[in-house]
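See below for the structure under consideration.
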Amino acid sequence: KIFESKFFIFCVLIVLAFMLFGNGVNGDFVFDDHSVIIGHPLVENFSGIFKAFIHPYHYDRPQSGLYRPLTSASYTLNWHLFSGQSYGFDLINILLHAIASFFVFIVVLNLGDRLTALISSLIFLFLPIHVEAVTSIVGRGELLMFLFFILAFYLVQKGHYKAASLPFLLSLLSKETGI
């Protein structure tokens, strides 16, 4: 019976996610991480969690037109939880991907059988296209966007249409492709 529990599936997905993406935890900040996280005055100041909602995503390049306040606020929180160390950002990204994979399992389980749900979540977890979103720290926007979107989808499945509007809004505030 333990192999049939949702908690067991969740734990297996977390372990598999860390086995798959854990080699990137020792990496450093690269590429866009420098313009979005390193040296970003809102990230390094805890009040940046709230100020993220009135500033563009790229603090030094507002002309980019990107507005991802929830993602920026998560960087600020992450910065303070892990003292600005890159490994903390990587750990959170891997965990977010595992949680999203679990929600794929839950959503597909509501549509079909358990085996289909398990295979779907494993395919989602292992899809090579997710490597950039998980291992690149700035890929957090995609992870949060999808996680909130699939939560909204789950709530719609359950007939909780009004409740689904909040995670859908959070999806939009994470990355504009949530639309």
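Observations
- Taking the charge dipole of the range 1-110 about its Cα centre, with +1 at Lys and Arg Cβ atoms and -1 at Asp and Glu Cβ atoms, the residue from Val43, Phe53, Leu81 reaching farthest to the positive side is Phe53.
- Spin-label model, Gln63/Met19: points 7 Å from Cα along the beta carbon direction are separated by 4.9 nm.
- Distance distribution note for the chain: the fraction of Cα pairs above 27 angstrom is 29%.
- For the range 15-75, the per residue solvent-accessible surface stands at 55 Å², with DNA, RNA and ligands left out and a 1.4 Å probe.
- Straight-distance crosslink candidates among aspartates and glutamates, where the alpha carbon sits under 19 Å from Lys6 and sequence neighbours closer than 8 are dropped: Asp113
- Stokes-Einstein diffusion for the range 103-179 at 25 °C, viscosity 0.890 mPa s, with a Kirkwood radius from C-alpha pairs, works out to 188 µm²/s.
- Other residues lying with their Cβ under 15 Å from the Cβ of Glu132 contribute a combined charge of -2, Lys and Arg counting +1, Asp and Glu -1.
- Simple point charges give the picture: +1 on the Cβ of Lys and Arg, -1 on the Cβ of Asp and Glu, and for the range 9-96 a dipole about the Cα centre of about 240 debye.
- Of the complete DSSP H runs in the chain, those spanning 27 angstrom or more by Cα along the long axis with a mean Kyte-Doolittle score not below 1.0 are 86-111.
- Computed helical MRE - 222 nm, the chain, DSSP H runs ≥ 4 contributing -39500 (n - 2.57), nearest 500: -20000 deg cm²/dmol
- Partner aspartates and glutamates whose Cα lies under 18 Å from the Cα of Lys51, excluding those fewer than 8 positions away in the same chain, are identified as Asp60.
- For the range 1-159, the carbon plus sulfur part of the accessible surface works out to 69%, probe radius 1.4 Å.
The values are calculated or read from the model by the stated rules, or taken from the named source; none is laboratory data. Only a predicted model underlies this, so the values are computations on that prediction, with no experimental measurement involved. Quick reminder, even Gly has a Cβ in these numbers, built from the backbone with ideal geometry, and neighbours come from all protein chains shown. Heavy atoms of the whole protein, side chains included, go into the accessibility calculation; ligands, DNA and RNA do not. Shrake-Rupley method; radii C 1.70, N 1.55, O 1.52, S 1.80 Å.
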